Amino acid sequence: MCGIVAAVGREGNVVPSVIQGLKTLEYRGYDSAGVAIVSDGAIQVRRRTGKIAVLEEDLGQNGLPESSIALAHTRWATHGAPEDRNAHPHRDHLEKVVVVHNGIIENYAELRAELQEAGHEFSSDTDTEVLANLVASLLEENSGDLHAAIRAALPRVHGAYALVAASASDSDSLVIARHDSPLVVGIGDGVTCAASDMPALLGLTREFLVLENGETAILTPDSCQIYDPNNQTIERAVQHCDWTPEQAEKGGYPHFMLKEIEEQPDVLARTAFDRLHDAEGDVEFESEFGLDDQALCVFSRLRFMAMGTSFHSAMLGKLFLEEFAQLPGDVVNASEFLYSPKLKEGDALTVIISQSGETADSLRAMREVQSRGGKVLGICNVRGSTLDREADHVVLTHCGPEVGVASTKAFFGQLAALYLLALRVGRARGVLSQEQGFELLSDLRHLRPKLDALFSEAAAQAVQKAADILAPVNSCLFLGRGFNHPIAMEGALKLKEISYIHAEGYPAGEMKHGPIALIDDSFPVVAIATPGRTYEKMVSNIEEVRARSGAVVAVAAEGDEKVSGLADATLFVPEVPEHLSPLVNVIPLQQLSYEVAKRLGKDVDQPRNLAKSVTVE
Ligand code: F6R
């Protein structure tokens, strides 16, 4: 999705900083990029279709003057094709105002018609150019005050937006506003900046404050004055972000995805270990969890909602809960929930899982639950995100910034958090004894050293052999049962996202009810057959695939000759208790999709058409 970076400094040239910030947002997915400055009473814009490198090349040839104010943007096309003229920033037709904007202005067509009637001319197909013209049309009646003009414009605008604007007549301030699209403000030394995502500003500052829905703000080099929806000034405490700029960089790895796959053993420690109370056989979350034993005993069920990879975590959230707490769990796709009948929430707790904490469907589902009187527990990775701020209860996953568009370590962190949640609920409700709790905690503690085997030379060779099978095909199937059904779905999602090979994840029992028709010698199957209650059934499924000449890539426990004897390639994993197998089995599947995509020459970290943070429904 689109990315915003803007800065206004006391002195010096902020253009290199905003371009650098834009690069850290590349992972969000985009098709064009641009930057604007204000200099000598005029706005200058450079914008180009393609990667930020293309914009940089353009800036090299048609340089911008140095400027202590700049607004930059990466665009992911919604209104109008990815062309230079549709790229941001956008100015009004008289070039008095410049705007960068994330989100969608739903009533842009009628506003555009009205403005055209009044003599405004348009050179793009975008809703953002309409916004720039609307603000400019209100400038005069607001005595040239950009903040006042924006405040007058916003009630006329329907939809979601995060916007940053500047006026040609003022090179010392930026005006920002947000409604349903994220925007953070960075407070640096002699520079104030704004961006759609914190990592974009880590090169300038680690002190942040978040703009809430309906608020606007005026940024100057030394201040950020926030206004509430009634135009009253608000004081907001600055928060320190402990993410380092290095965490948001590749650190010698060829791709963020590979770096993030390899960070997973550390993620386990960061998400889980500080929360384990071995002596009590229990888990202690931070104060923002806010649910004590008594509160956890009130709920008669938990509902897990999310999108994409986080939805696969939601599926496992339910399985962990039912296993450890013997409490029923529902799994609902957040985008589907919005259109379901408005039943009473009753005594359910809804768990919304989102790495970014900004996924539009998940946020809308959260608000819908809350409007029906229900309570929401958010599980997310980004402190200060909308989910973190608006959920009634929160568990942060502490994975550090995830930059690769295909989620890996954030998924792993979610699974660890959901395991802890189920254990906590089980202990609170008296379903798990102290001793059982202790055993589940020690299973988790013992997992970390076992993960090392997944990053060995032997494991890498096995991934290569499996990639030999998958890289040439057009389509394949991933099968798993029980705890590994969501992992089969996640494995298939990873492969299709970054290699563009069609892949579907199924509960293996479904195979004979349809997908088996596809199997022949050009249609391989990835089968997760690690020890547990469904092991024998998985072995039978593998036999059935082989009987139809389908190649088999198996995920099997180290030393399992039965499965490896049947498979064409085996990804061996350390043997762990069945309930922890998802955290182990997902890793070779991530490595496999990475290897296949790399061989096919695909853009691993920024797959086509995908965005890291899907902030529109
Ligand atoms: C897949 C992927 C997406 C996200 C989905 C939800 O690799 O990254 O499917 O999982 O867009 O994102 P969050 O977790 O930020 O709500």
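The values are calculated or read from the model by the stated rules, or taken from the named source; none is laboratory data. Quick caveat: nothing in here was measured; it's all calculated off a predicted structure. Note: ideal-geometry Cβ built from the backbone for every residue, glycine included; neighbour counts use all protein chains shown. When the accessible area is computed, the model is the full protein with side chains, heavy atoms only, and any ligands, DNA or RNA have been set aside. Shrake-Rupley method; radii C 1.70, N 1.55, O 1.52, S 1.80 Å.
Overall, the anisotropy analysis places region 87-174 in the rounded class: the square-rooted eigenvalues a ≥ b ≥ c of its C-alpha gyration tensor yield a/c less than 1.5.
With a/c under 1.5 counting as rounded, go ahead and sort region 3-248 into rounded, prolate or oblate using the C-alpha gyration tensor (a ≥ b ≥ c being the square roots of the eigenvalues; past the cut-off, prolate if a/b is larger than b/c, else oblate). Intermediate results must be reported in sequence, preceding the final value.
Working: a/c = 1.43, a/b = 1.14, b/c = 1.25.
Since a/c stays below 1.5, the shape of region 3-248 is classed as rounded.
In this simple spin-label approximation, His79 and Ser223 carry label points 7 Å from Cα along the Cα→Cβ vector, and these lie 3.3 nm apart.
With charges only on Cβ, +1 for K and R and -1 for D and E, what is the dipole size of the chain about its Cα centre, in debye, rounded to 20? The dipole of the chain has a size of about 1080 debye. Note on region 463-571: with charges restricted to the Cβ of Lys and Arg (+1) and Asp and Glu (-1), its dipole about the Cα centre is near 200 debye.
About its Cα centre, region 90-202 has a charge dipole of approximately 240 debye under the convention of +1 per Lys or Arg Cβ and -1 per Asp or Glu Cβ, with nothing else charged. Accessible surface for the chain, divided over its residues, is 37 Å² per residue with a 1.4 Å probe.
Given 0.36 nm per residue, what is the gain on full extension from Lys537 to Glu117 after removing their alpha carbon distance, in nm?
Details: separation 420, 0.36 × 420 = 151.20 nm, distance 6.90 nm.
Value of the extension gain: 144.3 nm.
Think of the chain as having a plus end and a minus end, set by charges on the Cβ of Lys, Arg, Asp and Glu; of Leu580, Phe285, Ala237, Leu580 sits farthest toward the positive end of this dipole.
Using the Cβ-Cβ distance between Asp242 and Gln461 with R0 = 35 Å, the FRET efficiency computed as 1/(1 + (r/R0)^6) comes to roughly 0.40.
Taking 0.36 nm per intervening residue step and subtracting the Cα-Cα distance, what contour gain separates Ser371 from Val298 on full extension? Mind dumping the intermediate values first?
Numbers: separation 73, 0.36 × 73 = 26.28 nm, distance 1.97 nm.
Residue separation times 0.36 nm, minus the Cα-Cα distance, leaves 24.3 nm.
Amide H to amide H distances under 5 Å link Ala554 with Ala527, Asp568, Ala569, Thr570, Leu571, where only residues 5 or more positions off or on other chains count and H is placed in the peptide plane. Put a dot 7 Å past the Cα of Leu600, heading toward its Cβ, do the same for Ala53, and the two dots end up 2.1 nm apart. Straight-distance candidates among the lysines for linking to Lys409, with alpha-carbon spacing under 26 Å and chain neighbours fewer than 8 residues away dropped: Lys23, Lys51, Lys250, Lys259, Lys318, Lys450, Lys465, Lys494, Lys496, Lys598, Lys602, Lys612. Once you sort the root eigenvalues of the Cα gyration tensor of region 256-451 as a ≥ b ≥ c, which label holds: rounded (a/c under 1.5), prolate (a/b larger than b/c) or oblate (the other case)? The shape class here is oblate.
Given 0.36 nm per residue, what is the gain on full extension from Leu518 to Glu322 after removing their alpha carbon distance, in nm? Let's see the in-between values first.
Numbers: separation 196, 0.36 × 196 = 70.56 nm, distance 3.37 nm.
Here the answer is 67.2 nm.
What FRET efficiency do you get for Glu439 and Ala42 if R0 is 51 Å and r is their Cβ-Cβ distance, rounded to the nearest 0.05? Walk me through the numbers before you get to the answer.
Numbers: r = 70 Å, r/R0 = 1.36.
For Glu439 and Ala42, the calculated efficiency is 0.15.
Each peptide in 469-478, 98-107 gets a packing score, the mean of other Cβ atoms within 10 Å over its residues, and the list from highest to lowest is 98-107, 469-478. For region 205-274, with all protein chains in place and a probe radius of 1.4 Å, 46% of the accessible heavy-atom surface sits on carbon or sulfur.
Within the chain, helices built from complete DSSP H runs that reach 27 Å or longer along their own axis (Cα positions) and carry a mean Kyte-Doolittle hydropathy of -0.5 or higher are 409-428, 581-599. Across region 75-153, Cα pairs under 8 Å and at least six residues apart give a relative contact order of 30 percent.
Projecting the Cα atoms of Val525, Phe455, Leu59 onto the dipole axis of the chain, where Lys and Arg carry +1 and Asp and Glu carry -1 at the beta carbon, places Val525 farthest toward the positive end.
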